[in-house]
Amino acid sequence: MDCEVAPEPQFESCQTKPVHHHLQTLPLDHSEIQLELEECKIRVVKNTSIHNKPVSLWTEDEVCEWIRSQYPEHGSIFVEAISEHAISGRALLRLTAGKLEQMGIAQESHCQSLLKEIQQLRIQDDVESLTAAFADEN
């Protein structure tokens, strides 16, 4: 088989500009991307403030904040149920599949996803409690 050798592509020389990692440097035609980045930045800041506090001490608003950050696509469904039932951090840690169903979160995939995240919060809360208990003993 004969193979033709393709000619090397020729590129015009171009100048490169330094890339800055600041939201303000995004071009105006990327305003939707800039908005999404700003929303992510806000979400990260909020999550940081929540995670400095034991889950069992979260208020209803902090639970809703956590739900919105974990489930941006289904958050409104969950937040509505959380608000309607005044779920605090302590109550969040006690939620079960049956309780979620009673609250109106009946879709199996939603329940399982939320219960998985809640289980991780339980573990986090237990570790924080044990760490505090051992710190008090010393």
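Values quoted throughout were computed directly from the atomic coordinates according to the rules given, and no laboratory measurement underlies them. All of these numbers come straight from a predicted model, not from anything done at the bench. Glycine gets a Cβ as well: all are built from the backbone with ideal geometry, and neighbour counts include every protein chain shown.
For region 71-102, the residues whose backbone nitrogen is under 16 Å from a point 7 Å from the Cα of D61, taken along Cα to Cβ, are 83-84, 86-89. For the pair A132 and M103, the difference between a 0.36 nm per residue extended length and the Cα-Cα distance amounts to 7.1 nm. For region 88-138, what class follows from the C-alpha gyration tensor (a ≥ b ≥ c being the square roots of its eigenvalues): rounded when a/c is under 1.5, otherwise prolate if a/b is larger than b/c, else oblate? Here region 88-138 falls in the prolate category. Other residues with beta-carbon under 13 Å from the beta-carbon of I118 carry, at +1 per Lys or Arg and -1 per Asp or Glu, a net charge of +2. Rounded to two decimals, the Cα-based Rg/Rh of region 45-138, with Kirkwood Rh, is 1.00.
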